[in-house]
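Heads up: the structure comes next, in structure tokens.
The values are calculated or read from the model by the stated rules, or taken from the named source; none is laboratory data. As the structure is a computational prediction, the values presented were derived from the model and not from experiment. Positions of Cβ are backbone-derived with ideal geometry, glycine not excepted, and every protein chain shown enters the neighbour counts.
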């Protein structure tokens, strides 16, 4: 069958969780005999806007999406309007859908691609599926911080935005959420609660380890992610010296924190690392290099202040047998508990210390800590089977 996949970012322009899912699905579905096309965005000015992969076709549309963070708020508002009004890439979508004639359209992050595509599919008689990766259809940025829930509920602009996105995505035959938390969060705001929802874990090229490594003492912590305030790394690095004081007072060894990633906090974190011998900033690394670091780390720390859905880094840590301490909110908590990880309260140093102490004590006493017993990875073939069962 012919399947069209879409996500607003795709290799080689950016790497993220949704892009990994789309890439894996495209490769796997092609291998089992389906004809695949991927539609994505490229930075404006790049010459290569159409590419034939070894097994599937990729179509890139030039876009300023990659420059959004450099724009003023009012400029970002103006840039988003074509999405919200159903005007973005309307004719491009019609042309692609009519020419490729897919039997199924699986859409991921639509910002910059246009929200009207589900309506176009409906008019052309093509079943479309929407994979929800974050809260971007409730809040334009897709970023929701702890404490902002009431603002989301009470702000009339947010209500208008939710009504718009609900209108554009209503024709989707199936809405897919990797976590129960995200599905429940959308339904809490009465967003397409009558549509068909599926809870399907993201299919990823990951094999979970059967058990975690249990070091004699926790000494090497690692953070992997965007270096932004929302991810909590600014707080964690700023508190690391005090955290080590708590460890020493409890008779535990001091710990080093390795920070991997890039973002607006890079310069300030670099200054902090130059003043604290227990902080090491490595910048952005290739995927394989990140996995190598997870192999030697004692524990991954995920201190995010924002609501995460299904963080791929937790699954990658589990595949490397690396223990983790994860914030106790959102889909991150759901996935952490399924993987057997301990959680702590975001922004609470004592809570992090208590979780660390509990983990340290358990690691010293136990010889076996099972990994991933509460989660089953899904194959791309089974993922497609579940979609097809529910679109009819």
## Note on the structure
residue 356 meets each of (1) in contact with a helix residue (DSSP H, G or I) (Cβ under 8 Å, 6 or more places away or on another chain); (2) at pLDDT below 95; (3) part of a helix (DSSP H, G or I); (4) closer than 28 Å to residue 252 by Cβ with one exception, condition (2)
### Message
Take the conditions free of Cβ contacts under 8 Å to residues at least 40 places away in the same chain, surrounded by 15 or more Cβ atoms within 10 Å (Cβ to Cβ) and within 23 Å of residue 340 (Cα to Cα) and apply them to residue 258. Does it pass?
### Response
yes
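Right, residue 314: touching a helix residue (DSSP H, G or I) at 6+ places or on another chain (Cβ under 7 Å), in the same structural domain as residue 280 (by TED's automatic domain parsing), over 24 Å from residue 216 (Cα atoms) and touching a residue at least 12 places away in the same chain (Cβ under 8 Å) or not?
Values: touching a helix residue (DSSP H, G or I) at 6+ places or on another chain (Cβ under 7 Å): yes; in the same structural domain as residue 280 (by TED's automatic domain parsing): yes; over 24 Å from residue 216 (Cα atoms): no; touching a residue at least 12 places away in the same chain (Cβ under 8 Å): yes.
When the stated conditions are applied, residue 314 does not pass them.
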#### Entry: Top-ranked residue in the range 173-185 [being crowded, with 22+ Cβ neighbours inside 10 Å and more than 17 Å from residue 383 (Cα to Cα); ranked as nearest to the chain's Cα centre (by Cα)]
182
### Task
Could you check how many residues of the range 188-198 are outside any strand (DSSP E or B) and over 18 Å from residue 164 (Cβ atoms)?
2
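Which residue out of 64, 7 is under 24 Å from residue 261 (Cα atoms), in contact with a helix residue (DSSP H, G or I) (Cβ under 8 Å, 6 or more places away or on another chain), modelled with pLDDT of 95 or more and in the same structural domain as residue 102 (by TED's automatic domain parsing)? Explain how you work it out, then say what you get.
On the way: 64 fails: modelled with pLDDT of 95 or more.
It is 7.
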### In the range 170-182, the residues that are out of contact with any helix residue (DSSP H, G or I) (no Cβ under 6 Å at 6 or more places or on another chain), modelled with pLDDT of 95 or more and not in a loop (DSSP other than H, G, I, E, B)
175, 176
### strands (runs of 3 or more DSSP E) contained in the range 1-115 and holding at least 1 residues surrounded by fewer than 21 Cβ atoms within 10 Å (Cβ to Cβ), over 25 Å from the mean Cα position of the chain (by Cα) and touching a residue at least 24 places away in the same chain (Cβ under 8 Å)
2-6, 35-43
## Note on the structure
Those residues of the range 326-350 that are under 20 Å from residue 360 (Cα atoms) and assigned to a loop (DSSP other than H, G, I, E, B) come to a total of 6
### Query
Residue check: is residue 274 farther than 27 Å from residue 200 by Cα, touching a helix residue (DSSP H, G or I) at 6+ places or on another chain (Cβ under 8 Å) and in a helix (DSSP H, G or I)?
no
### Query
Somewhere in the range 244-254, is a residue touching a helix residue (DSSP H, G or I) at 6+ places or on another chain (Cβ under 6 Å), surrounded by 14 or more Cβ atoms within 10 Å (Cβ to Cβ) and either under 27 Å from residue 142 (Cβ atoms) or not assigned by TED's automatic domain parsing to the domain that holds residue 348 (or both)?
no
### Query
Among the residues of the range 205-224, how many are part of a loop (DSSP other than H, G, I, E, B), in contact with a helix residue (DSSP H, G or I) (Cβ under 7 Å, 6 or more places away or on another chain) and crowded, with 21+ Cβ neighbours inside 10 Å?
1
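Residues of the range 124-158 being assigned to a helix (DSSP H, G or I) and more than 23 Å from residue 61 (Cα to Cα), which ones? Break it down stepwise before answering.
Start the filter on the range 124-158 by keeping residues that are assigned to a helix (DSSP H, G or I), which leaves 124, 149-154, 156-158.
If the condition is that a residue be assigned to a helix (DSSP H, G or I) and more than 23 Å from residue 61 (Cα to Cα), then 149, 150, 151, 152, 153, 154, 156, 157, 158 are the ones that fit.
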### Query
Can you find a residue in the range 352-371 that is farther than 27 Å from residue 246 by Cβ, surrounded by 20 or more Cβ atoms within 10 Å (Cβ to Cβ) and not assigned by TED's automatic domain parsing to the domain that holds residue 25?
yes
### Task
Kindly list the number of the only condition in (1) within 21 Å of the chain's Cα centre (by Cα); (2) surrounded by fewer than 18 Cβ atoms within 10 Å (Cβ to Cβ) that fails for residue 139.
(2)
